[in-house]
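Just below is one structure, and these are the notes that go with it.
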Amino acid sequence: MKKKSLSIAAIMFLLVFGLALNGSAEQGVTDTEIHIGQWSPQTGPAAPWGAVARGTDAYFKMINAEGGIHGRKIIHHYFDDGYNPAKTVAGVKQLQEDVGMFGWVSGVGTACGLAVKDYLMGRKIPWVGPSSGSSHWVDPPQKYLFNDYPLYSGDAQILVKVAAEKLGLKRIAITYQNDDYGKLGLAGARKQAAKEGLSLVAEIPMNVADTDMAPFVMELKKANADSVLMFIGVGQVARLIGTGKAMKFDPRWMTTTTCADAPLMIAITKGLFAGTIVANFGLFEPQVVGIGNTEDVNNPSHPVVKKYYEDAFKKFAAKEERWGLTFVAGMAYAEPMLEGLKRAGRDLTREKFVAAMETIKDFKGSMGRVSYGSFDPNDPHCRVGQTEIFASEVTADGKYKVLMDWTEMPYVKID
Amino acid sequence: MDMKRDYYEDIQLFSSGVVIFWFVAMMVFLAVVPFIFKNYYIYVINFMAINVIVVLGLNLLVGYTGLISLGHAGFFAIGAYGTVVLITQAHLPFLLALLVAGLIAAIFGFLLGLPALRLEGPYLAIATLGFGVTVTQVIGKIKILGERQGLHAPDLIIGPWHFDTDKDFYFLLIPIAIILAFAARNITKTKVGRAFISIRDAEIAAETMGVNLTFYKTLAFALSAFYAGIGGGLYAFVLRFIEPELFSLSLSIMFLTMAVVGGLGSMMGPIAGACLLSWLDLQLRNILDIPYLGEWLRSLSQSYFSLTGVSNIQYIVFGGILLFIMLFEPLGIFGIWIRTKKYWKTWPF
């Protein structure tokens, strides 16, 4: 009897002690691991954006290979939601409740992110770097949500600035997708045009499903635009430039970071994308390349991106993976989270992580400088993150010629 | 075996004591589900319940009346947007807003039913498809509906209750789904249901017998759209955010697939079809976590089906399951159930 009691006591002790050794106060954190979740479309029409999650995955593997964070490895769980918010919710809830995530990184798609935003924020689960430039992430700001994707108002501002100040163009028009993406661009373009003493000569909304570009080209021609900002989808950009060429309308085309993958765009437009001005938030370093010089994405000059190419892409990406803007963006969006984890220290909790994130000021990874501030429910800037953009011109061989260095472009609210 | 001897036997709700037993067992199970399963599974069941509601309505149209619709995502969208806007703009209470949004969808269903009087088969499919696509385009242009930027669903409050968690929604959704399932079953057993069936089986004969085709065809569309509208209104609150892209053609096709795979022209079939396909849609990616089989499927996918080394096997398995069901049991899951029942009733012969 005594022997039995002793055995039970020993088992109880081991269980409790074992749990104490293994466990941690915070969900998703053990002695040796930090669990981070992510969703992205790996299949379906938005599958090209799936490279974001694969980029993040390679990035975390690189970090783990270098020893991890404060002795812990990052266990990255990413799942395919097919760009369907119902599946995003299902996957997020399953990973959060079955496995237990410390936090979430990136996550492609505005609708997908909005479907889980309340769930994550209601449970005080940190989420860093949603990969869509929507004002929903920062306006109103959320304590546990840190944006780092450059909001599209900044893209529009630098493009108008380049058009007006560098190229001397005065008749600037904009075609914009009739959603958050396009409307942020429109707000930024209007603001910068007013600063330059100009007004946009045409503001043409477009639906995602629009495929016939001829009516839009007619409107742009009628407005006699000498430059056109395109805040539309990749396919529409290709079609608009192609239709413009066919209709003998040849303005200076300009587009956003979303459509800035030069080799890809040159390939799908059969070279017509050459000469287009694009807004950039990473991939190469304009300060190193220098204004007027060109940059090859396959031989990046940015020291951080060069390291990613060698240590993450070459070692951990699948052999069929393409080194491009979307893949690198997946690494870039995770950088501030990693910095926050480093600053939070070994004794990691979500509250300490948030406090550490709020100390990030002018953090420089592969994107523009990233800064956060103490949480203020009335000030979106405390969670905007990155506001720096630079601009370049795409060359015929799919390279970038730098036109304007990193420029601070503050967040502009949609009218 | 299931032969009915008189009219009253045909219309009774429960055909035998066995059916009552299983119904009670099902109710007990549904009552304890939220206390057994994790929150995540409750979300999956809520999602199933919404699809069950829509597919029950679609079954009244396709299974009982013999008309086709590839535009049900449009009615679903009208219900979703209608409910949210009626609460946020007209300040109606949730249940009233849901009902009104369902009725608005029904009016659109009635309107869409008018061309159905002259069209059938693939021509009707194309007309309804056009409706579904048009709805999302129009919503994307209307400011009060959030245009392309979408709408947030407000907090769901009914009287003193604040529905916030998946468990809360469960206790709202399941009773609504059960009520609508009973309503659908009763409709099929009334004069209206018999008129639907007669139109499906022999339209000219039905008209000769005095069935008003104009009335019953448009009614079938209106009823079916009402169910879709109610489903949409609930969906907006389970998802918390809606935008036009959610209500795509592929969603309409998914609803129709659920009805066909379940078994058209029955009650249990569409319920089973909606549950199975909803579950597969959300859960099939977990197939990769099954020991050994998961690893094998992953390497199979990465070797032959995926360019980027990321597995997409769940979609291949999903398609394979649909093909398998349709190939071996054209009557769908309901057909499998009928055969199983017959086998046990006649066993050992």
Here D for region A:267-415, in µm²/s, from Stokes-Einstein with a Kirkwood Rh over Cα pairs at 4 °C and 1.567 mPa s, works out to 76 µm²/s
Hydrodynamic calc, region B:254-349: Kirkwood Rh from Cα pairs, then Stokes-Einstein at 37 °C with viscosity 0.692 mPa s, so D in µm² s⁻¹ is 221 µm²/s
Label zone at A:Glu351, where the point sits 7 Å out along the Cα-to-Cβ direction: region A:100-140 residues whose backbone N lies under 14 Å: A:124-125
The rounded separation in angstrom of the Cα centers of region A:44-80 and region B:137-182 is 34 Å
Identify, among B:Ile187, B:Leu264, B:Ser15, the residue whose Cα sits farthest towards the positive end of the charge dipole of chain B, taking +1 on the Cβ of Lys and Arg and -1 on the Cβ of Asp and Glu, with the dipole about the Cα centre. B:Ser15
What fraction of the Cα pairs in region A:199-266, stated in percent, has a spacing above 16 angstrom? 42 percent
With Cα atoms, 0 to 90° folded angle of helix A:152-161 axis to chain A main axis: 30 degrees
As I understand it, the value is the acute angle between the Cα axis of helix A:2-22 and the longest principal axis of the Cα atoms of chain A; what does it come to in degrees, rounded to 10? 20 degrees
Using Cα-only point scatterers and the Debye equation, what is log10 of I(q)/I(0) for region B:128-174 at each q in 0.15, 0.29, 0.31 Å⁻¹, rounded to two decimals? -0.64, -0.94, -1.04
Partner lysines whose C-alpha sits under 23 Å from that of B:Lys167, ignoring same-chain residues fewer than 8 away, are A:Lys87, A:Lys93, A:Lys117, A:Lys124, B:Lys38
Just need the Rg to Rh number for the protein assembly as shown, please, alpha carbons only, Kirkwood Rh. 1.01
Descending semi-axes in whole angstrom, ellipsoid equivalent of region A:289-331, from the Cα gyration tensor: 21, 11, 9
Out of residues 5 or more away from A:Ser131 or on other chains, whose amide H comes under 5 Å of its own, with H placed 1.01 Å from N in the peptide plane? A:Gly107, A:Val108, A:Gly109
Out of residues 5 or more away from A:Met206 or on other chains, whose amide H comes under 5 Å of its own, with H placed 1.01 Å from N in the peptide plane? A:Tyr176, A:Gln177, A:Asn178
What's the Kirkwood radius of region B:218-258 in Å, using all Cα pairs? 11.3 Å
Phi angles of region B:94-109, converted by Karplus (6.51 cos²θ - 1.76 cosθ + 1.60, θ = phi - 60°) into ³J(HN,Hα) in whole Hz with x for Gly and Pro, give 3, 4, 5, 4, 4, 5, 5, 4, x, 5, 4, 4, 5, 4, 5, x
For chain A, longest principal axis from Cα atoms; helix A:51-65 axis from its Cα atoms; angle between them, nearest 10 degrees, is 50 degrees
Least to most buried among B:His91, A:His302, A:His70, by other C-beta atoms within 10 Å and fewest first, runs B:His91, A:His70, A:His302
Please sort A:228-237, B:179-188 by packing, taking for each peptide the average over its residues of neighbouring beta carbons within 10 angstrom, highest first. A:228-237, B:179-188
Can you work out the FRET efficiency for the pair B:Ile179 and A:Thr211, with r the C-beta to C-beta distance and R0 = 60 Å, to the nearest 0.05? 0.85
Residue-wise, which Karplus ³J(HN,Hα) couplings in Hz belong to region A:165-175, taking 6.51 cos²θ - 1.76 cosθ + 1.60, θ = phi - 60°, and x for glycine or proline? 8, 8, 9, x, 8, 10, 9, 9, 10, 9, 10
Could you compute Rg(Cα) / (2.2 N^0.38 Å) for region A:120-185, with N its residue count? 1.43
Virtual spin-label span in nm between A:Lys307 and B:Phe37, 7 Å along Cα→Cβ: 4.6 nm
Cβ neighbours within 10 Å from other chains - mean over A:49-61: 1
Ordered by packing density, taken as the mean number of other Cβ atoms within 10 Å over each peptide's residues, highest first, how do A:333-346, A:381-394, B:141-154, B:227-240 rank? B:227-240, A:381-394, A:333-346, B:141-154
Whether region B:1-105 is rounded, prolate or oblate, judged on the alpha carbon gyration tensor where a/c under 1.5 counts as rounded: oblate
For region B:17-265, what is the convex hull volume of its Cα atoms per residue in Å³? 131 Å³
Using only the Cα atoms of chain A, what are the Rg and Dmax in Å? 23.1, 97
Region A:194-235 - convex hull of alpha carbons, volume per residue in Å³: 88 Å³
In Å, what Rg and Dmax follow from the Cα atoms of region A:310-394? 15.5, 47
Could you work out, residue by residue across A:304-317, how many beta carbons of other chains sit within 10 Å of that residue's beta carbon, and then give the average as an integer? 0
Backbone HN-Hα couplings from phi across region B:245-250 [Karplus 6.51/-1.76/1.60, Hz, Gly and Pro as x]: 4, 5, 9, 8, 4, 5
Average beta-carbon neighbours from other chains, 10 Å sphere, peptide A:171-182: 2
In deg cm²/dmol and to the nearest 500, what is the mean residue ellipticity at 222 nm of the protein assembly as shown if only DSSP H runs of at least 4 residues count, each as -39500 (n - 2.57), divided by the residue total? -16500 deg cm²/dmol
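Every number here is computed from the coordinates shown, using simple stated rules; none is lab data. What you see is a predicted model; the values in this text were computed from it and never measured. Positions of Cβ are generated from backbone atoms using ideal geometry, with glycine treated the same way; all protein chains shown enter the neighbour counts.
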